[in-house]
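The values are calculated or read from the model by the stated rules, or taken from the named source; none is laboratory data. Note that the coordinates shown come from a computational prediction; the quantities given were computed from them, not determined experimentally. Every residue, glycine among them, receives a Cβ derived from its backbone with ideal geometry; neighbour counts consider all protein chains shown.
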Amino acid sequence: MVFILTITLIPAWFIFPPRDEAEHADAVLVLAGASDNRHELAAQLIEEGFSHNLVVSNPDGEIEKTGSAYCRGNLQPNSADEVVCMKPEPSTTNGEALTIEELAAKHSRTSVAVVTNRPHTRRVRTNFDQCTELDVAVIRIEVVVVWRFPMHVAREVAGYLRFWFTDPC
């Protein structure tokens, strides 16, 4: 019975996270990762006026085609006042939190809307709440590819374990 609850509830916890509403933020940060429409959602938030500053986490440079296109200007939203390419150190969710904290301090920013995928939402919230002083809204894309559920859940569980055991902040 415990096994059945575990294999049901843990995936559901990641696949159905709470939803933050997009509000005005000093910057919109799109986290690195798959080309799963997160970049497009971040650009849409900029175009809709939630912020005029886009930060693209792009640790892999030109290897990551979509993030690189936003960084180079090919896909930058027209209404963005500033587009910053961020290379987090380390190249992890926690590195993204620590790097945006530094950038925010440099630019006197206090809030950020972070765009990621649905299964990553809870861990992003934990990392950014624990490792930054920023007011954070985590905005997620809605689509989740069903056959990737096991990979998403495994990655998120491993990420939480690493976070809790290493205290990376």
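Taken over the range 105-120, residues that are at pLDDT 90 or above and under 19 Å from Ile141 (Cβ atoms) amount to 5. The selection criterion, being under 16 Å from Ile141 (Cα atoms) and in contact with a helix residue (DSSP H, G or I) (Cβ under 7 Å, 6 or more places away or on another chain), does not hold for Leu54. With a cut-off of at least 2 residues that are crowded, with 21+ Cβ neighbours inside 10 Å, name the helices (runs of 4 or more DSSP H) lying wholly within the range 64-169. Correct list: 65-72, 93-106, 121-131.
Can Val124 be described as over 16 Å from Ala12 (Cα atoms), modelled with pLDDT under 95 and aliphatic (A, V, I, L, M)? Yes, satisfied.
Every residue, every condition in (1) farther than 17 Å from Ile141 by Cβ; (2) under 15 Å from the mean Cα position of the chain (by Cα), yes or no:
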residue: Ala32; (1), (2): no, yes
residue: Gly73; (1), (2): yes, no
residue: Pro77; (1), (2): no, no
residue: Leu103; (1), (2): yes, no
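Among the residues of the range 105-146, how many are more than 19 Å from Arg38 (Cα to Cα) and more than 15 Å from the chain's Cα centre (by Cα)? Of the residues in the range 105-146, 7 are more than 19 Å from Arg38 (Cα to Cα) and more than 15 Å from the chain's Cα centre (by Cα).
For (1) modelled with pLDDT of 80 or more; (2) part of a loop (DSSP other than H, G, I, E, B); (3) under 19 Å from the mean Cα position of the chain (by Cα), each residue gets a yes or a no:
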{"position": "Thr6", "(1), (2), (3)": "no, no, no"}
{"position": "Trp13", "(1), (2), (3)": "no, no, yes"}
{"position": "Glu23", "(1), (2), (3)": "yes, yes, yes"}
{"position": "Asp36", "(1), (2), (3)": "yes, yes, yes"}
{"position": "Ala42", "(1), (2), (3)": "yes, no, yes"}
{"position": "Ser51", "(1), (2), (3)": "yes, yes, yes"}
{"position": "Val55", "(1), (2), (3)": "yes, no, yes"}
